[in-house]
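K.L.:
Okay, handing you the structure first.
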């Protein structure tokens, strides 16, 4: 088979979605594509262990289109669903595969509808398969089901994680809790409301709790988990290195939940009203709640105690 053409992959705009898309990137590389990744600036940190060219996208559509045009790549895969990302690719002179959403079908070379109830990993996988066929890749890597996302880390990522833990005098075993969430789902908060009480009772049982807030989240995290050890100023990959060493990760339905699952940490995702763990749950992890109600405090505390003994 002739070598496949270079392919630009526009990464999703959310940390968790980028992590979930990792099996698609691996399959496209195996299919013979020379990938260039376009996404938010933080993707450079998160994906530091991946030897793929990257371009940081701006929020200005004309500026983003100019950046894409300078790459001189003809074909692309959009893992975003916005009208703007499809417009940028068209202005850059690219043929792209993507979802039929926000009235952008006319901007796409090939498009795909999203099945109701699909997990994000499944519909990213179908999109990758469609792009592979449209642009001449080897179909074999997409013949089966997608694998579980695995986030690779550099030695430097792990060194930064070790230094942060040593600086805070945190030794194993410890748990990482992620009490924040930046967005809502169908008008409902994605923040489980009992983290403060859980922390007090967990620490009384001798559980060592660590929190890794992102930039600008430090005060919120300290308010949610006032008695936890807060490791501040870590990048995404170093946070992943901390999670990799944790005996348990407890998180709302956010990016860190998926990061934890992708470094093979035991992870429990907490889901509330209006949220469906069947669509956005951690691949390889566990979940509680979703649908109509949050899980209750005693149920979550039992899981915390169980993992503290392992």
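K.L.:
For a label point 7 angstrom out from the Cα of residue 168 toward its Cβ, which stretches of the stretch 26-59 have the backbone nitrogen within less than 20 Å?
P.N.:
It comes to 46, nothing else.
K.L.:
For the stretch 6-142, just the Cα set please: Rg and Dmax, both in angstrom.
P.N.:
13.5, 38
K.L.:
Sticking with this one: What percent does the relative contact order of the chain come to when contacts are Cα pairs within less than 8 Å and at least six residues apart?
P.N.:
17 percent
K.L.:
Okay, moving on. Can you list the equivalent-ellipsoid semi-axes of the stretch 155-308, largest first and in whole Å, using the square root of 5 times each Cα gyration tensor eigenvalue?
P.N.:
Sorted largest first and rounded, they come to 23, 17, 15 Å.
K.L.:
Right, something else. Which value in Å is the Kirkwood Rh of the chain over different Cα pairs?
P.N.:
20.3 Å
K.L.:
Mind checking the angle between helix 61-71 and the chain's longest principal axis? C-alpha axes, 0 to 90 degrees, to the nearest 10.
P.N.:
Once rounded, one gets 70 degrees.
K.L.:
Between the stretch 135-160 and the stretch 1-64, what is the separation of their alpha carbon centroids in Å?
P.N.:
Spelled out, the Cα-based centre of one part sits 11 Å from the other.
K.L.:
On to the next question. To test your reading of the geometry: what angle, between 0 and 90 degrees and rounded to tens, separates the Cα axis of helix 120-134 from the longest principal axis of the chain?
P.N.:
20 degrees
K.L.:
Let me ask something else about it. Sticking with the crude label model, points 7 Å out along Cα→Cβ, report the distance from residue 292 to residue 41 in nm, one decimal please.
P.N.:
4.6 nm
K.L.:
Need one number: nm distance between label points at residue 182 and residue 34, each 7 Å from Cα along Cα→Cβ, rounded to one decimal.
P.N.:
Using points 7 Å along Cα→Cβ, the separation is 3.3 nm.
K.L.:
Is it possible to state the helix-based mean residue ellipticity at 222 nm for the chain, with each DSSP H run of 4+ residues giving -39500 (n - 2.57), the sum divided by total residues, to the nearest 500 deg cm²/dmol? What is it?
P.N.:
Mean residue ellipticity at 222 nm (helix-derived): -10500 deg cm²/dmol.
K.L.:
OK, next. Can you give the FRET efficiency to the nearest 0.05 for residue 219 and residue 100, using r as the Cβ-Cβ distance and R₀ = 35 Å?
P.N.:
It comes out at approximately 0.25.
K.L.:
So if I take the centroid of the Cα atoms in the stretch 102-126 and the same for the stretch 178-226, what is the distance between those two points in Å?
P.N.:
Each part reduced to its Cα centre gives a spacing of 33 Å.
K.L.:
Take residue 72 and residue 276, extend 7 Å from each Cα along the Cα→Cβ direction, and tell me the distance between the two endpoints in nm.
P.N.:
My value for the distance between the label points is 4.5 nm.
Any read-out appearing in this document is the output of simple, stated calculations on the displayed coordinates, not a laboratory observation. As the structure is a computational prediction, the values presented were derived from the model and not from experiment. We place every Cβ from the backbone using ideal geometry, glycine too, and count neighbours over all the protein chains shown.
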